[in-house]
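Each remark here refers to the structure printed beneath this line.
The values are calculated or read from the model by the stated rules, or taken from the named source; none is laboratory data. Every value quoted in this text rests on a predicted model; they were computed, and no experiment measured them. When we count neighbours, we look across all protein chains shown, and the Cβ atoms used for this are built from the backbone with ideal geometry, even at glycine. Quick note on the areas: whole protein, heavy atoms, side chains included, nothing else; ligands and nucleic acids left out. Shrake-Rupley method; radii C 1.70, N 1.55, O 1.52, S 1.80 Å.
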Amino acid sequence: MISEPKKSDEFAAKAKAIMQRLGVDQRLLADDGLKVRTPIDGSVLASLPTTDSNAIDDVVVRAHEAFLNWRLVPAPRRGELIRLLGEELRLAKDDLGCLVSLEAGKILSEGRGEVQEMIDICDFAVGLSRQLYGKTIASERPGHRMMESWLPLGVCAVISAFNFPVAVWSWNTAIALVCGNSVIWKPSEKAPLTALACDAILQRAMNRFAYAPDGLHTVVVGWADVGNALVCHAGVPLVSATGSTRMGKAVAPLVAQRLGRSILELGGNNAMIVALSADLDLAVRAIAFSAVGTAGQRCTSLRRIIVHDSIADSLLNRLQAAYDSLPIGSPLDPKTLVGPLIDQAAFQSMETALETASQDGGTVHGGGRVLAETYPEAWYAKPAIVDMPCQSEIVRQETFAPILYLMRYEKFEEALEMHNGVAQGLSSGIFTNDVREAERFLSAEGSDCGIANVNIGPSGAEIGGAFGGEKETGGGREAGSDAWRGYMRRATNTINYSTELPLAQDVVFL
């Protein structure tokens, strides 16, 4: 099922028209500089001037000055700004979603879905603005009260990846602004146009708001040197970085060296156990979306299935049939379910992984480049299922592509050991109708991931729960639950309302 190719300049014209409608200042575009290419056909969408890494100090100073004023605005008033942002995003949903598809290669429903995720986090953050709760704590001293306060932190740097070019920004920014911080955003150099669009949308909300200081939100465009300047800057108390484990291992020590804070959302090598009692109709649907959605370029993509030996062949046959029915093509075609990989490097990484898996004894079903004649400068791949005899080294690595490794087990303990036998720990799932297996999977002896699901796939987390993982996934948490605490500082307060001055621990002095 092949989509009709478009002329390359049509995508650039479409992107320019969308950005104009969204209010992006056309002076931010340039004839040279950073060339932004669409993965749909490899053509250039636009060129952008980049931020000089030496200018980051001025950006941080301006953001800090904005913070000094923004922190004095009551939190519920700060929430009003985010409410207005949510309204603007609702109006911009179709345009921004389409720009995501153009720039990141996501199918249209996923592009719009990402914007819906932004709207959802705005709704959450508005409510949160009246719920930044501290605790009242019993004091051992008569006439004293203890309490806990949560206070704004300062300048927050957000470094985002190409695969969720706008949602991850919103998770961080909506919460950070409600908590009283200012934000500097360094988007992926592969997806900066959506960042300019989001900044323009936020500026519209700010124009409707009673007071938002200059410098409250800034986008800086460039390569790793720009991100590194933010990471190393002493005036940035919090760095929230999303990307590969390799990137996280570089960022973490630099932030720690200056005793800053980091929220790291890194790699995932997510697995699903398919038990003997599983509803296979449900499992096939969940596996197909989780493994193939976004062309396997989600940190929560399903990469390993661990299947009871007695049903493995049957499930494999059903998955092959499902994979064969998936339409591959331009993400702008409403019929498409599998769009392109982001670039040639991603495709080559997939090819190398499949070759290695085959050398390890795996049987590869699918894989390979498609639509090369239609889109010679783009990189479309047929999703692959690899029937593996064991969990070899290549299976334990994360390959950011639509590769699904299938392995077999006989005893549930074997499945759990295999499930947890990787360095990453983001998302996980089990398909079972056995309540004991489900509860064991969610218990301390079960999944070691930050997200553990029963009878749904690992992909597509809702914003109401804290998002993040363990081990080499970085340990960070974003979005819902109490993830907001990562963007604030805690103060413990003791108030003496008596006329005496008793000391704690019965200490006597003077």
Practice task
Taking only the range 419-433 into account, find how many residues are touching a Cys at 6+ places or on another chain (Cβ under 8 Å) and free of Cβ contacts under 8 Å to residues at least 40 places away in the same chain.
Solution key: 0
Fill in the blank from the handout: For the range 254-273, pairs from a residue that is touching a residue at least 12 places away in the same chain (Cβ under 8 Å) to a residue that is open to solvent by less than 10 Å² (accessible area, probe 1.4 Å) and basic (Lys, Arg), with Cβ under 9 Å and 6 or more apart or across chains, are Gly268/Arg303; Asn269/Arg303; Asn269/Arg304; Asn270/Arg303; Asn270/Arg304; Ala271/Arg303; Ala271/Arg304; Met272/Arg304
Completion exercise
Counted residues in the range 333-361 being open to solvent by 10 Å² or more (accessible area, probe 1.4 Å), over 22 Å from the mean Cα position of the chain (by Cα) and not polar (S, T, N, Q) come to 8
Problem - Residue within the range 146-169 that is at pLDDT 95 or above, in a helix (DSSP H, G or I) and out of contact with any Ser or Thr (no Cβ under 8 Å at 6 or more places or on another chain) present - result: yes
Handout entry: Candidate set from the range 363-377 (those that are touching a residue at least 24 places away in the same chain (Cβ under 8 Å) and more than 30 Å from Asp9 (Cβ to Cβ)); member that is most open to solvent (accessible area, probe 1.4 Å)
Key = Thr363
Practice task
Of the numbered conditions (1) surrounded by 18 or more Cβ atoms within 10 Å (Cβ to Cβ); (2) closer than 21 Å to Ile273 by Cβ, Arg477 fails exactly one; give the number of that condition.
Solution key: (2)
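Within the bounds of the range 459-474, is there any residue that is of a type in the set (Lys, Arg), out of contact with any Gly (no Cβ under 6 Å at 6 or more places or on another chain) and either farther than 22 Å from Ser277 by Cβ or without any contact (Cβ under 8 Å) to a residue 60 or more places away in the chain (or both)?
no
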Handout entry: Failed item, numbered, when Val284 is tested on (1) in a helix (DSSP H, G or I); (2) hydrophobic (A, V, I, L, M, F, W, C); (3) touching a residue at least 60 places away in the same chain (Cβ under 8 Å)
Key = (3)
Practice task
May I ask you to list the residues in the range 208-264 that are within 22 Å of Gln297 (Cα to Cα) and of a type in the set (Ser, Thr, Tyr)?
Solution key: Ser240, Thr242, Ser244, Thr245
Handout entry: Qualifying positions in the range 170-196 - closer than 17 Å to Val226 by Cβ and either among the charged types (D, E, K, R) or assigned to a loop (DSSP other than H, G, I, E, B) (or both)
Key = Lys186, Pro187, Ser188, Glu189, Lys190, Ala191, Pro192
Completion exercise
Output for Cβ contacts, cut-off 8 Å, separation at least six or different chains, first residue basic (Lys, Arg) in the range 306-333, second assigned to a helix (DSSP H, G or I), reads Arg318/Leu280; Arg318/Val284
Fill in the blank from the handout: Picking from Asp199, Asp214, the residue that is at pLDDT 95 or above, charged (D, E, K, R) and not in a helix (DSSP H, G or I) would be Asp214
Exercise for the section: Taking Trp185 as meeting all but one of (1) within 22 Å of Gly111 (Cα to Cα); (2) open to solvent by 10 Å² or more (accessible area, probe 1.4 Å), write down the number of the exception. Expected result: (2)
Fill in the blank from the handout: Of the residues in the range 250-297, those that are over 23 Å from Met350 (Cβ atoms) and not acidic (Asp, Glu) number 25
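With buried (at least 19 other Cβ atoms within 10 Å of the Cβ) and either part of a loop (DSSP other than H, G, I, E, B) or among the basic types (Lys, Arg) (or both) as the only criterion, which of Ala461, Ala444 stands out?
Numbers: Ala444 fails: buried (at least 19 other Cβ atoms within 10 Å of the Cβ).
On inspection, the qualifying residue turns out to be Ala461.
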Problem - Per-region count, the range 20-53, residues without any contact (Cβ under 8 Å) to a residue 60 or more places away in the chain, part of a strand (DSSP E or B) and either touching a Cys at 6+ places or on another chain (Cβ under 8 Å) or among the hydrophobic types (A, V, I, L, M, F, W, C) (or both) - result: 2
Problem - Leading residue by the ranking (farthest from Arg298 (Cα to Cα)) among those in the range 378-411 that are touching a helix residue (DSSP H, G or I) at 6+ places or on another chain (Cβ under 7 Å) and open to solvent by 20 Å² or more (accessible area, probe 1.4 Å) - result: Glu410
